[in-house]
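Student: The structure under discussion is supplied below as structure tokens; questions concerning it will follow.
The values are calculated or read from the model by the stated rules, or taken from the named source; none is laboratory data. Since we're looking at a predicted model, the values are computed, not measured. As a convention, Cβ positions derive from the backbone with ideal geometry for all residues, glycine included, and neighbour counts pool all protein chains shown. Heavy atoms of the whole protein, side chains included, go into the accessibility calculation; ligands, DNA and RNA do not. Shrake-Rupley method; radii C 1.70, N 1.55, O 1.52, S 1.80 Å.
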Amino acid sequence: VANGTAAQPIVFTSYQPAGSRVTGDWGGLLILGRAQINDPAGERLAEGGIDPVKGLYGGGGSPDNNDSSGVLRYVRIEYGGIAFQPNNETNSLTCGGVGKRTVIEYVQVSYGGDDGFEFFGGNVNCKYLICNKTVDDMFDTDYGYTGMIQYGIGVSDTLIADISGSNGFESDNDAGGTGNLPQTNCIFSNISIIGPRVNTATTYNSNFKRAVHLKKN
């Protein structure tokens, strides 16, 4: 439970002193629940080289879509998320198999080393999300995520983007592009995505790609 207020938000940030903090200083925040994912095994190990037992998410053979992973409210997450290995990264906020009784609202991620928000399965609903100058995608969904997200904004850094291609939204059914159920099927409402160009003369990173990238199945 991280339950801040508008006047006193809870800040997850780098261990470096202010003024010396940089993108990717730490691994970001991972919340791993017991709601349904579309991997046939019912659970997966989260990315980032983390503990092989504590790092599992999904409910296995008995998923609980009403699972609660607590409260994340009025929180800032800064300088988190890192590319541990190619295609094996942590994000500013990673949600794996997080159930719909979890409360996630008024969360800002800034200067992340990979995606801003990524949802691996689960069905948690979120409100009031801000993604500020992350390296890779702003909102990434896969492995059967079926939640709803309302009121959000993403702001690009003109010069910083990922070699894999940085998008506003990126979505897959799963990493292999299978038809496994539940199929990734989430709803975003009232979202603004601000790209890297201020005007037609703006010099910007060529790794910026799409506002919305719908990928594997």
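Student: Around Tyr57, what is the net charge, scoring Lys/Arg as +1 and Asp/Glu as -1 over all other residues with Cβ under 11 Å from its Cβ?
Tutor: Neighbourhood net charge equals -1.
Student: Can you tell me which lysines have their Cα less than 27 Å from the Cα of Lys100? Leave out same-chain residues fewer than eight positions away.
Tutor: Lys54, Lys127, Lys215, Lys216
Student: Next question. Compute the distribution of all C-alpha to C-alpha distances in the stretch 74-217, in bins of 10 Å from 0, and list the percent of pairs in each, rounded to whole numbers.
Tutor: 13, 44, 35, 7, 1
Student: Just reorder Leu29, Leu56, Leu214, Leu129 by solvent-accessible area, largest first, 1.4 Å probe, all chains present.
Tutor: Of Leu29, Leu56, Leu214, Leu129, the descending order of accessible area is Leu214, Leu56, Leu29, Leu129.
Student: Here is a follow-up. Give me the distance between the Cα centres of the stretch 52-107 and the stretch 26-51, rounded to whole Å.
Tutor: Value for the Cα centre distance between the two parts: 7 Å.
Student: How much of the accessible area of the chain, in percent, comes from carbon and sulfur atoms when a 1.4 Å probe is used? Mind showing how you got there, number by number?
Tutor: Values: 5150 of 10380 Å².
Of the solvent-accessible surface of the chain, carbon and sulfur hold 50 percent.
Student: Another question, if that's okay. Return the sequence-ordered ³J(HN,Hα) values of the stretch 68-82 in whole Hz as given by the Karplus equation 6.51 cos²θ - 1.76 cosθ + 1.60 applied to θ = phi - 60°, using x for Gly and Pro.
Tutor: 10, 9, x, 10, 10, 9, 6, 10, 10, 10, 10, 6, x, x, 8
Student: Probe 1.4 Å, all protein chains in place: accessible area of Glu43 in Å², nearest 10?
Tutor: Glu43 exposes around 80 Å² with every protein chain in place.
Student: Quick one: accessible area per residue over the stretch 60-112, 1.4 Å probe, rounded to a whole number of Å²? Walk me through the intermediate numbers first.
Tutor: Details: 2180 Å² over 53 residues.
Ligands and nucleic acids excluded, the figure is 41 Å² per residue.
Student: Still on this structure, please answer the following. Using θ = phi - 60° and the Karplus relation 6.51 cos²θ - 1.76 cosθ + 1.60, list the HN-Hα couplings for the stretch 196-210 in order, rounded to whole Hz, with x at every Gly or Pro.
Tutor: 3J(HN,Hα) across the stretch 196-210, in whole Hz: x, 9, 7, 7, 5, 8, 5, 8, 9, 5, 6, 7, 5, 10, 10.
Student: Still on this structure, I have one more. Consider just the alpha-carbon atoms of the stretch 1-94 and return their Rg together with their Dmax, both in angstrom.
Tutor: 15.2, 47
Student: Express as a percent, rounded to the nearest 5, the fraction of DSSP beta bridges in the chain (both residues included) that run antiparallel.
Tutor: On the way: 4 of 55 bridges.
Among the beta bridges of the chain, antiparallel pairing accounts for roughly 5 percent.
Student: Restricting things to alpha carbons, tell me how big the stretch 119-195 is in terms of Rg and Dmax, in Å.
Tutor: 12.9, 38
Student: Using a 1.4 Å probe on the protein heavy atoms only, what accessible surface does Ser206 show? Give it in Å² to the nearest 10.
Tutor: Result for Ser206: roughly 90 Å² accessible.
Student: Tell me, what is the percent relative contact order of the chain, built from C-alpha pairs under 8 Å that lie six or more residues apart?
Tutor: Working: 693 pairs, mean separation 37.4, N = 217.
17 percent.
Student: What full-extension length gain, to one decimal in nm, is calculated for Tyr204 and Ala18 as 0.36 nm per residue of separation minus the Cα-Cα distance? Intermediate results must be reported in sequence, preceding the final value.
Tutor: Working: separation 186, 0.36 × 186 = 66.96 nm, distance 2.71 nm.
Answer, rounded to one decimal: 64.3 nm.
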